[in-house]
Amino acid sequence: MLSLNQLRTFLAVVETGSVGSAAEQLAISQPAVSAALAALSEALGAPIVERDGRRTRITAAGESLALHARRVFSTLERAREDAVSAAQREASRVRIATVTTVAEHVIARLLHGFRRQEPEVDVELYVANRDRVWDRLRNWESDLVVGGRPPRDALFRTLAVRANELLLVRAPEYDADYARATWLLREPGSGTRAATQSLFTSIGVDPPVLTIGSNSAIRECVLAGLGVSLLSRDTVERELASGTLIALPAPGTPLVRNWHLVGPGDRDLPAGAAKFAEYAIQTQTFEVYSRP
């Protein structure tokens, strides 16, 4: 029989990467952590961890167990919330995960209006790259994701979309065509970076690149004349209107990569999340998704 304490200990090893770090995080001894791992491996009939130098490597069996363990604890948390909600008649919350571009230029205004209309709904906003936000929805840690196109997986259900036009922009004084310019890119894992690299392949260029960790920082670097970048119109709307940035013609641009408002495909949408999705559509920030 697998115990919750054993699973909690195992997840600490997965998250920290070592028995020692897990023991420190949980404030227990290293032998206690090792004993929990051994008991789990024995119960499963397969090793869940292996030594890899100074670190602990998770086996295929361990990866599968970690996936289900995370869901177990998420389910228990939801059970606790449902019990509190029943006792208090109504307890509402929406947990939203979003990519950085949306958080900086779309979600803030949307949340402002939503909070005024639904003040009783608690909002949790988690901002990360595209891989992490889908991982949170997959593991029941978020109720909604706002990002690019979701993975082809029955666990994800697109509820609504918003047009997202990617423009190649430069400062007026940065005089270089798209093939010779330095391109400013987000970090690996960013949807915009992936779109830019796909564009490189399609138009047959291999320009110098500079990696910068946020769209706001990229916009400021483009304004300073460090190079060009493929940025969402939402990000540079004011700069284009004022003339401090201009669109640079290039084959294949502008790119249209819609934002997707995505809920879970394997469970019902919680009440707070349903209210948020309805508000996003009512305000025409997003449009109801029609499956092609």
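Worth pointing out:
- In the list [x] 1.27; [y] 1.12; [z] 1.20, the label attached to Cα Rg over 2.2 N^0.38 Å as derived from the coordinates here is [z].
- Neighbourhood charge, 12 Å Cβ-Cβ cut-off, centred on Ser21 and excluding it, Lys, Arg +1 and Asp, Glu -1: 0
- Percent of beta bridges antiparallel (DSSP, the chain, rounded to nearest 5): 60
- The magnitude of the dipole of the chain, with charges of +1 and -1 set on the Cβ of Lys/Arg and Asp/Glu and taken from the Cα centre, is near 260 debye.
- Note on Val33, Val209, Val106: ascending count of other Cβ atoms within 10 Å places them as Val209, Val106, Val33, the fewest first.
- Cβ-to-Cβ counts within 10 Å put Ile58, Ile107 in ascending order as Ile58, Ile107, the fewest first.
- Square roots of 5 times each gyration tensor eigenvalue, C-alpha, the range 161-209, largest first, Å: 19, 15, 11
- Amide H contacts of Leu185 (H built 1.01 Å from N, under 5 Å, at least 5 apart or other chain): Leu210, Thr211, Ile212
- Estimated 222 nm signal from helices in the chain, with DSSP H stretches of n ≥ 4 weighted -39500 (n - 2.57), rounded to 500: -14000 deg cm²/dmol
- Annotation: extensible slack from His112 through Ala27 equals 26.6 nm (criterion: 0.36 nm per residue apart, minus Cα-Cα distance).
- Virtual spin-label span in nm between Ile281 and Arg55, 7 Å along Cα→Cβ: 4.3
- About its Cα centre, the dipole of the range 138-197 is roughly 260 debye, where the only charges are +1 on Lys and Arg Cβ and -1 on Asp and Glu Cβ.
- In order along the range 118-124, phi translates into HN-Hα couplings of 10, x, 7, 8, 7, 10, 10 Hz, rounded to whole numbers, per the Karplus curve 6.51 cos²θ - 1.76 cosθ + 1.60 with θ = phi - 60° and x for Gly and Pro.
- Given their separation in residues at 0.36 nm each and the Cα-Cα distance between them, Ala271 and Ala247 gain 4.4 nm when the chain is fully extended.
- In the range 4-73, one over the average inverse separation of all distinct C-alpha pairs is 11.7 Å, which is the Kirkwood hydrodynamic radius.
- Built amide H within the under 5 Å cut-off of Leu245, gap 5+: Leu240
- The 3J(HN,Hα) values that the Karplus relation (6.51, -1.76, 1.60; θ = phi - 60°) gives for the range 143-149 are, in residue order, 8, 9, 10, 10, x, x, 4 Hz. Gly and Pro appear as x.
Every number in this text was worked out from the coordinates using simple rules, so none of it is lab data. All values derive from a computational prediction rather than experimental measurement. Heads up, the Cβs are rebuilt from the backbone with ideal geometry, glycines too, and the neighbour counts pull from every protein chain shown.
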